[in-house]
Amino acid sequence: MKNRFKDKVVIVTGASSGIGEAVAREFARQGSRVVLAARSEENLRKIRDEIIAAGGEAFCVKTDVSSEEECRRLVEKTVEKYSTVDILVNNAGISMRAAFSDVDLKVLHRLMDVNFWGTVYCTKYALPYIVERKGSLVGVSSIAGFHGLPGRTGYSASKFAIHGFLETIRIENLKKGLHVMIIAPGFTATEIRKHALQADGSEQGDSPRDENHMMSAEYVARWVLKGIRKKKRNKILTWEGRLTALFQRIVPAFVDWAYYIEMSREPQSPLK
Ligand code: NDP
């Protein structure tokens, strides 16, 4: 069977950890030329070296996706090295945990800057190449992008914004063969909850949830590639998520209560 990803140029943001790292490694295993982007250069270099040692092709560009200039540079460096971009996986993201009544608005600004604007900036500079190659544009979202998640106003808002943005890009490019996919993993065992911002903007440090009973980043990564291969439009990885997306349309008040009850059960829940 022909390997669809062989020699494809793939940019993965947030590739220094968790889902992004697993996605980058999976593409490299499939023979893609992978560009790793994130802020932690040391982690990126380690992952790049391991990919190369395993016979893959990768390079890294230190990038803070909340900076338009750095996203432009990420795409420029990619094109300088590999001449084009076939696939962009907008994965870099942060979360939060605080009731809106308590939260410093700088937290919501940061969530939008990284999650939403990071996606917009990278897409802006990579899109002409991806369209030319009839490639794929991916947004790693969450079920919080389908229904508001209490204690995560900024997170949900950023994911809803990503949905609106990517859907519109899809429609604008309908005649050009561009594939756009929004993928929503379930709870995945990564660093995200440790780095989640609290009401005052500090990182929460510990995860309030049991990380041992979550899906793995590698599982999500396999679905990212499968979704691209099958040109999926939306891919929700859990049955709870799929039910949420369905019930949200027919019995939204039920979903409100289900979310409230679930999130208020977390230790030190910000919901009173
Ligand atoms: P991790 O915290 O493990 O990874 C987040 C990645 O984003 C890191 O590589 C981090 O790198 C990068 N990142 C954060 N801020 C920036 C920035 N300003 N510029 C560039 N890169 C940045 O979390 P996950 O792997 O879980 O998160 C990946 C995506 O998956 C996110 O979009 C998240 O919303 C989504 N998701 C996660 C779920 C989960 O339960 N884990 C569930 C549903 C969706 P660095 O710090 O080096 O910059």
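The values are calculated or read from the model by the stated rules, or taken from the named source; none is laboratory data. The structure presented is a predicted model; accordingly, all values stated were derived computationally and were not measured. All Cβ positions, glycine included, derive from the backbone under ideal geometry; neighbour counts span all protein chains shown. Surface areas here come from the heavy atoms of the whole protein model, side chains and all, with no ligands, DNA or RNA. Shrake-Rupley method; radii C 1.70, N 1.55, O 1.52, S 1.80 Å.
Any idea which residue in segment 143-170 is modelled with the lowest pLDDT, counting only those that are of a type in the set (A, V, I, L, M, F, W, C) and open to solvent by less than 10 Å² (accessible area, probe 1.4 Å)? So that I can check it myself, show each step before the final result.
In the first step, residues of segment 143-170 are kept if they are of a type in the set (A, V, I, L, M, F, W, C); the result is 143-144, 146, 149, 157, 160-162, 165-166, 169.
Filter again for open to solvent by less than 10 Å² (accessible area, probe 1.4 Å), leaving 144, 162, 166.
Working: 144: 95, 162: 98, 166: 98.
Among them, the one singled out is 144.
Could you say whether any residue in segment 158-181 is in contact with an Asp or Glu (Cβ under 8 Å, 6 or more places away or on another chain), outside any helix (DSSP H, G or I) and not aromatic (Phe, Trp, Tyr)? Yes, segment 158-181 contains a residue that is in contact with an Asp or Glu (Cβ under 8 Å, 6 or more places away or on another chain), outside any helix (DSSP H, G or I) and not aromatic (Phe, Trp, Tyr). All conditions but one from (1) within 16 Å of the ligand (Cβ to nearest atom); (2) outside any loop (DSSP other than H, G, I, E, B); (3) surrounded by fewer than 22 Cβ atoms within 10 Å (Cβ to Cβ); (4) acidic (Asp, Glu) apply to residue 21; the one that does not is (3).
Please find, within segment 205-224, the residue that is farthest from residue 135 (Cα to Cα) out of those that are assigned to a helix (DSSP H, G or I) and open to solvent by less than 50 Å² (accessible area, probe 1.4 Å). Applying the filter and picking the extreme gives 211.
Checked against (1) buried (at least 17 other Cβ atoms within 10 Å of the Cβ); (2) in contact (Cβ under 8 Å) with a residue 40 or more places away in the chain; (3) in a loop (DSSP other than H, G, I, E, B), residue 272 passes all but condition (1). Within segment 225-268, track down each residue that is more than 26 Å from residue 23 (Cβ to Cβ), among the aliphatic types (A, V, I, L, M) and not in a helix (DSSP H, G or I). Matches in segment 225-268: 251 only.
Of the residues making up segment 171-201, those that are surrounded by fewer than 16 Cβ atoms within 10 Å (Cβ to Cβ), more than 15 Å from the ligand (Cβ to nearest atom) and touching a residue at least 40 places away in the same chain (Cβ under 8 Å) are 176, 177, 200.
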